[in-house]
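Notes to accompany the following structure.
The values are calculated or read from the model by the stated rules, or taken from the named source; none is laboratory data. Given the structure is predicted, the values throughout are model-derived calculations rather than measurements. Note that we place each Cβ from the backbone using ideal geometry, even for glycine, and neighbour counts take in every protein chain shown. Side chains included, ligands, DNA and RNA excluded: accessible areas come from the protein's heavy atoms. Shrake-Rupley method; radii C 1.70, N 1.55, O 1.52, S 1.80 Å.
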Amino acid sequence: MKVILLEDVKKVGKKGEIVTVADGYGQNFLIKNQKAVMANAHERKILAKQNEEKAKELELEKQNAIELSKRLETIILKFVSPVGKDGLATSQVSTKQIVKELREKYDIRVDKRKFVNPHSIGAFGDTKMEIELFKGVMASINIHLSPKQG
């Protein structure tokens, strides 16, 4: 029996896949528990339409990520840190602080887990941090850490 999965089912398949299962399993478990529907012509058309809409959404998200990456290239985030006895910064700038600054000053929302090689910035001067906004869409964020005067 061929069915279209309505949700991920362990050891069977992912949501939206057409899979072949035993008749009893398909009828008595998958369809009965609304985890799948019969893979007839009508349901296949619905699935094709859903896949088409999903592809359009993904393309739109990718375009938004590309626009955001261009915007991020022009931004320079400025942070200040006290200077220690040895002339080095006594505090570091974390990815959490970078995300917070982007949200508060520029109304840009990014996930701190999307940073590539996340590390705290503890050196004075300019630093570039890479962030993956979407699969295959990378952006550089410019960060400037300067010593606190006074």
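Below is a table of values for the structure above.
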quantity: Index of the failed condition, E101 passing every other in (1) of a type in the set (D, E); (2) open to solvent by less than 70 Å² (accessible area, probe 1.4 Å); (3) within 23 Å of K62 (Cβ to Cβ); calculated: (3)
quantity: In the stretch 80-122, residue farthest from A65 (Cα to Cα) [restricted to those that are part of a loop (DSSP other than H, G, I, E, B) and touching a Pro at 6+ places or on another chain (Cβ under 7 Å)]; calculated: T90
quantity: Long-range neighbours under 6 Å by Cβ, at least six apart or interchain, first residue in contact (Cβ under 8 Å) with a residue 40 or more places away in the chain within the stretch 1-29, second part of a strand (DSSP E or B); calculated: I4/I18; I4/V37
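One line per residue, one yes/no per condition, for (1) among the hydrophobic types (A, V, I, L, M, F, W, C); (2) free of Cβ contacts under 8 Å to residues at least 12 places away in the same chain; (3) within 30 Å of G16 (Cα to Cα); (4) touching a helix residue (DSSP H, G or I) at 6+ places or on another chain (Cβ under 9 Å):
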{"position": "L60", "(1), (2), (3), (4)": "yes, yes, yes, no"}
{"position": "S69", "(1), (2), (3), (4)": "no, no, no, no"}
{"position": "V83", "(1), (2), (3), (4)": "yes, no, no, no"}
{"position": "D111", "(1), (2), (3), (4)": "no, no, yes, yes"}
{"position": "F134", "(1), (2), (3), (4)": "yes, no, yes, yes"}
{"position": "S146", "(1), (2), (3), (4)": "no, no, no, no"}
